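Visitor: The structure is given below, and queries will be raised subsequently.
The values are calculated or read from the model by the stated rules, or taken from the named source; none is laboratory data. Note that the coordinates shown come from a computational prediction; the quantities given were computed from them, not determined experimentally. All Cβ positions, even for glycine, are placed from backbone atoms using ideal geometry, and neighbour counts span all protein chains on display.
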Amino acid sequence: MGEINNNQAIDAGHQNRNRKDTLYCLFIMMILLISGTAIGFVFRTVEFPETNIVLVYLLAVLLTARMTHGYIFGFLACVIATGAFNFFFAEPYLAFSVEASNYIVTFVVMTITALITSTLTSYGKQKTIEANKREAETKALYSLTHRLSGAADMDDIASIAISTISDIMSTQAACLCFDEHGMPMSTFIQQVSSEKQIRRDYTDTPDIKCQIQKINTGYIKGVEFYDWPIYGSETILGIIRIPKERAETMNESQMRLLKTMIESIALAMDRYWSINHRIRTNEEIMRERYRGNLLRAISHDLRTPLSGIIGTAEMLMHMIQRNDTLYSLAEDIYKEALWLHSLVENILNLTRLQDGKLVISKDMEAVEEVVGSAVGHILRRYPEREIEVSVPDEFLMVPMDAKLIEQVLINLLENAVKHTLPEQEISVSVTEDKRNDCVVFTVADRGEGIDPVDLPNIFQMFYTSNLKHADSHYGIGLGLAICDAIIKAHGGSIVARNRTDGQGAMVIFKLPMEMNQNELL
Amino acid sequence: MSYYNEYILVVEDDIKIRNYICYSLQTEGFRYITASTGQGALKTLVSEPIDLLLLDLGLPDIDGMEIIKKIREWSEMPIIVVSARDQDKEKAAALDLGADDYLTKPFSSTELLARIRVALRHFYKQGGNKTPAIIQVGGLRIDFEKRLVYLDDKELHVTPLEYKLLSLFFKNVGKVLTTKYILKEIWGIDYSSDTQVLRALMAGLRRKIEKNPAKPRYIVTEVGVGYRLVDE
């Protein structure tokens, strides 16, 4: 209700001002003409020629046109001045005469002069008003942008926006913000007086988003408000609500100003969301790092007791006769602990790799030595297994971090051992691919092969085939994930597939023969 | 029930691993004493007649390297270091400082005892100042007097450099030799930055003595550390 009264008051004020203005102009015109006439009488008394009196009247008309608004008073002054000259100073005195045609010329000249003058003055005045208005708009926009740049959050932005808009439009603007998913929030803020803002429940338009998509006028006509959407670079960030009564009386330039203001509000909101997004991303990175550290700390602490368990289990195995049932139990503990230990080592390496802390220090290494060492490691652990090894006769040196590539081979061979029966063949072969300037390592087995469903995910961390070995906890995931990470860090590639020459799986990885230019340093 | 007269000091801060090591030593008939800190170890070393030291590299108080350095100032006793898997650099450094061998956790008791025996044997050989004229490892035999190498009783043609390398291994059977040490022994200078020349020499030698150079029977590679002539 308050705003309606307010609007009426504004209108009443307008009319009042207009009337006063008119009276003021009339008054000015009368004074000038009376003064002109008085001077005319003085001139006649001292017997100046009539032309001088005409010039005085012309001056009065000119001043009238300059000091009043519009053309009307200038024209009126011109008519009155001509009449007055005719009446007071042209014979017969104190009577209108139409005989003297030379007065017609005077009259026409005076009229034209008055018209041109008032046109020029009005034009100049109009320009000044426009310039003032533009300056006010620029100021308003500047102050809006300035204040928005200091806003801390969305509510702050909304609050600044509505207080500025309300100020300029002399209304009670409101703002409804949308959340990060582009959905309207449940409340909106409205400026109710120059000092006070209130929060109101937003219930008017449940399907505001659909409506916004349909609009073509730039705003939505509502019951209480007209709503202007704030378009961000990607989504709609909110709406600016102008009370209906005020919105209906807005003129073209006010509309334009509002749009410009909404654009700078959109910029501020966009900036807020993008900063917010960046902070969130940083937080996520921190969380990820924290998780890695935790994983590493746990793995590190697990390692020592595991060594103890492995040792103790081995002690037990020594104390018990081989045919005793207890022996197989102790052996199980031993094997499981051994497996767990290698898992822990893998996790440690993986977290270090992902963290960038495990620095790959490439040296020229003999391929056969690394392969030999890895195979030796596996054969020591699984003495009953046979592993076929073939390397080129030619002595091959490849840049690599030998310890890590050994780890890759150990992981691959361990997988092969796990997924094959003791009599099934496992082989490691190395060939040189001269055309692509790389060395190709192949670890192949004659086991059951890899399920085609698993193939695409096999190098993902913690991926474990859930189709087969549902009862087994021997994840294949981590071992291969670390292989993938190590080979990629070497600038190589790794693939897994099933053999084409019969059953079995094979993992092939390639390492470049040449160091990169920046690695040579 | 002691089969050995050697007195072994076990320095390990983790009680379970210490127990495990002690148990393994006990079943083999070694006499031993334990310490859980570096300080305790140094104290025991001066007060007891220790023959061999088993040293964990990750002690809470003193860096294992410091202990090795201190001992090497006055004693040539065999030192075997025990380390976690990610301490490769430290392992190599410990060996270069004068440690005789290393074990990576988790290790089996068989491994532990084998390393101890090799270290002791090697130590006594040094004391007995004379290397036997002929040493046989598997099918590989070296005759130091005639400067000849035999593989499966057939004479093997080796270059002078290969002979030098081979004789170095035969003088240290079962012991790990760091790359740095080998380079120094063969070429006389500190070649440590250029290991490629040794790799190439080793590859040539392996092609002569091994059936499959990538599955060596005699000289195995300890990645990141060095080589070892296996005697089993």
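Visitor: Of all residues in the stretch A:248-272, which are polar (S, T, N, Q) and either touching a residue at least 40 places away in the same chain (Cβ under 8 Å) or assigned to a helix (DSSP H, G or I) (or both)?
Guide: If the condition is that a residue be polar (S, T, N, Q) and either touching a residue at least 40 places away in the same chain (Cβ under 8 Å) or assigned to a helix (DSSP H, G or I) (or both), then A:THR249, A:SER253, A:GLN254, A:THR260, A:SER264 are the ones that fit.
Visitor: Just name the residue that is surrounded by the fewest Cβ atoms within 10 Å (Cβ to Cβ) out of those in the stretch A:358-384 that are away from every other protein chain (no Cβ under 11 Å) and within 45 Å of the chain's Cα centre (by Cα).
Guide: A:VAL359
Visitor: Report yes if B:LEU161 is more than 25 Å from A:SER390 (Cβ to Cβ) and either over 17 Å from the mean Cα position of the chain (by Cα) or in the same structural domain as B:GLY98 (by TED's automatic domain parsing) (or both), otherwise no. Explain how you work it out, then say what you get.
Guide: On the way: more than 25 Å from A:SER390 (Cβ to Cβ): yes; either over 17 Å from the mean Cα position of the chain (by Cα) or in the same structural domain as B:GLY98 (by TED's automatic domain parsing) (or both): yes.
Spelling it out, B:LEU161 is indeed more than 25 Å from A:SER390 (Cβ to Cβ) and either over 17 Å from the mean Cα position of the chain (by Cα) or in the same structural domain as B:GLY98 (by TED's automatic domain parsing) (or both).
Visitor: Working carefully through the options A:LEU413, A:LEU316, find the one that is within 12 Å of another protein chain (Cβ to nearest Cβ) and part of a helix (DSSP H, G or I).
Guide: Only one candidate passes the filter, namely A:LEU316.
Visitor: Moving on. Is it true that B:THR179 is within 30 Å of A:PRO399 (Cα to Cα), touching a residue at least 24 places away in the same chain (Cβ under 8 Å) and within 14 Å of chain A (Cβ to nearest Cβ)? It would help to see each step written out before you state the result.
Guide: Details: within 30 Å of A:PRO399 (Cα to Cα): yes; touching a residue at least 24 places away in the same chain (Cβ under 8 Å): yes; within 14 Å of chain A (Cβ to nearest Cβ): yes.
Considered against the rule, which asks whether it is within 30 Å of A:PRO399 (Cα to Cα), touching a residue at least 24 places away in the same chain (Cβ under 8 Å) and within 14 Å of chain A (Cβ to nearest Cβ), B:THR179 comes out as yes.
Visitor: Of all residues in the stretch B:187-203, count the ones that are closer than 25 Å to B:PRO132 by Cα and crowded, with 18+ Cβ neighbours inside 10 Å.
Guide: Summing the residues that are closer than 25 Å to B:PRO132 by Cα and crowded, with 18+ Cβ neighbours inside 10 Å in the stretch B:187-203 gives 1.
Visitor: While we're looking at this one, here's another question. Being among the basic types (Lys, Arg) and either part of a loop (DSSP other than H, G, I, E, B) or farther than 18 Å from A:ASN86 by Cβ (or both), is that true of even one residue in the stretch A:44-53?
Guide: No, there is no match, as no residue in the stretch A:44-53 is among the basic types (Lys, Arg) and either part of a loop (DSSP other than H, G, I, E, B) or farther than 18 Å from A:ASN86 by Cβ (or both).
Visitor: I would also like to ask the following. Filter the stretch B:204-222 down to residues that are more than 7 Å from chain A (Cβ to nearest Cβ) and among the aliphatic types (A, V, I, L, M) and give me whichever is surrounded by the fewest Cβ atoms within 10 Å (Cβ to Cβ).
Guide: Checked the stretch B:204-222; the qualifying residue surrounded by the fewest Cβ atoms within 10 Å (Cβ to Cβ) is B:ILE209.
Visitor: Suppose we keep only residues that are among the aromatic types (Phe, Trp, Tyr) and assigned to a helix (DSSP H, G or I) within the stretch B:105-147. Which one would you say is farthest from the other protein chains (Cβ to nearest Cβ)?
Guide: Going through the qualifying residues, I end up with B:TYR124.
Visitor: In addition: Go through the stretch A:434-445 and count every residue that is away from chain B (no Cβ under 12 Å), within 17 Å of A:ARG497 (Cβ to Cβ) and under 50 Å from the mean Cα position of the chain (by Cα).
Guide: 4
Visitor: Right, here's the next one. Inside the stretch B:10-91, counting only helices (runs of 4 or more DSSP H) that do not spill past its ends, which hold 1 or more residues that are within 13 Å of chain A (Cβ to nearest Cβ) and over 25 Å from B:THR179 (Cα atoms)?
Guide: Per the criteria, B:15-28.
Visitor: A follow-up question, please. Mind checking whether some residue in the stretch A:233-240 is in a helix (DSSP H, G or I) and either away from chain B (no Cβ under 14 Å) or aliphatic (A, V, I, L, M) (or both)?
Guide: no
Visitor: Regarding the stretch A:201-217, can at least one residue be identified that is in contact (Cβ under 8 Å) with a residue 60 or more places away in the chain and within 22 Å of the chain's Cα centre (by Cα)?
Guide: No.
Visitor: Hey, another quick one. Take A:LEU348 and decide whether it is of a type in the set (A, V, I, L, M, F, W, C), under 26 Å from B:GLY224 (Cβ atoms) and facing chain B (nearest Cβ under 9 Å).
Guide: yes
Visitor: Out of the residues in the stretch A:319-339 that are under 54 Å from the mean Cα position of the chain (by Cα) and among the hydrophobic types (A, V, I, L, M, F, W, C), state the one that is farthest from the other protein chains (Cβ to nearest Cβ).
Guide: Ranking the candidates gives A:TRP339 first.
Visitor: In the stretch A:140-157, what residues are without any contact (Cβ under 8 Å) to a residue 12 or more places away in the chain, touching a helix residue (DSSP H, G or I) at 6+ places or on another chain (Cβ under 9 Å) and either surrounded by 17 or more Cβ atoms within 10 Å (Cβ to Cβ) or over 20 Å from A:PHE188 (Cα atoms) (or both)?
Guide: Within the stretch A:140-157, A:GLY150 is the sole residue that qualifies.
Visitor: Spot the failing condition for A:ILE387; the list is (1) over 23 Å from A:ASP363 (Cβ atoms); (2) buried (at least 18 other Cβ atoms within 10 Å of the Cβ); (3) more than 9 Å from chain B (Cβ to nearest Cβ); (4) over 48 Å from the mean Cα position of the chain (by Cα), and only one is missed.
Guide: Answer for A:ILE387: the failing condition is (3).
Visitor: Do we have A:VAL408 as in contact with a Cys (Cβ under 6 Å, 6 or more places away or on another chain), surrounded by 18 or more Cβ atoms within 10 Å (Cβ to Cβ) and not polar (S, T, N, Q) here?
Guide: Values: in contact with a Cys (Cβ under 6 Å, 6 or more places away or on another chain): yes; surrounded by 18 or more Cβ atoms within 10 Å (Cβ to Cβ): yes; not polar (S, T, N, Q): yes.
Against the criterion (in contact with a Cys (Cβ under 6 Å, 6 or more places away or on another chain), surrounded by 18 or more Cβ atoms within 10 Å (Cβ to Cβ) and not polar (S, T, N, Q)), A:VAL408 qualifies.
Visitor: Would you check if A:ARG303 is modelled with pLDDT under 85, part of a helix (DSSP H, G or I), within 13 Å of another protein chain (Cβ to nearest Cβ) and in contact with an Asp or Glu (Cβ under 8 Å, 6 or more places away or on another chain)?
Guide: In short, yes.
Visitor: Here are A:ALA136, A:ALA84: which of them is in contact with a Leu (Cβ under 7 Å, 6 or more places away or on another chain), outside the structural domain of A:MET269 (by TED's automatic domain parsing) and in a helix (DSSP H, G or I)?
Guide: A:ALA84
Visitor: Name the single residue, out of those in the stretch A:390-402 being surrounded by 21 or more Cβ atoms within 10 Å (Cβ to Cβ) and within 7 Å of chain B (Cβ to nearest Cβ), that is farthest from A:CYS438 (Cα to Cα).
Guide: Across the stretch A:390-402, the extreme among qualifying residues is A:ALA402.
Visitor: Do we find a residue being among the small types (Gly, Ala, Ser), within 21 Å of B:GLY226 (Cβ to Cβ), modelled with pLDDT of 90 or more and surrounded by 19 or more Cβ atoms within 10 Å (Cβ to Cβ) anywhere in the stretch B:97-104?
Guide: Yes: one or more hits.
Visitor: Inspect the stretch B:185-202 for any residue being outside the structural domain of B:TYR23 (by TED's automatic domain parsing), among the aromatic types (Phe, Trp, Tyr) and either modelled with pLDDT of 90 or more or within 30 Å of B:LEU25 (Cβ to Cβ) (or both) and give the result as yes or no.
Guide: No, there is no match, as no residue in the stretch B:185-202 is outside the structural domain of B:TYR23 (by TED's automatic domain parsing), among the aromatic types (Phe, Trp, Tyr) and either modelled with pLDDT of 90 or more or within 30 Å of B:LEU25 (Cβ to Cβ) (or both).
Visitor: In addition: Please enumerate the residues belonging to the stretch A:284-303 that are under 20 Å from A:ALA337 (Cβ atoms), without any contact (Cβ under 8 Å) to a residue 40 or more places away in the chain and charged (D, E, K, R).
Guide: A:ASP301 - this is the single residue of the stretch A:284-303 that is under 20 Å from A:ALA337 (Cβ atoms), without any contact (Cβ under 8 Å) to a residue 40 or more places away in the chain and charged (D, E, K, R).
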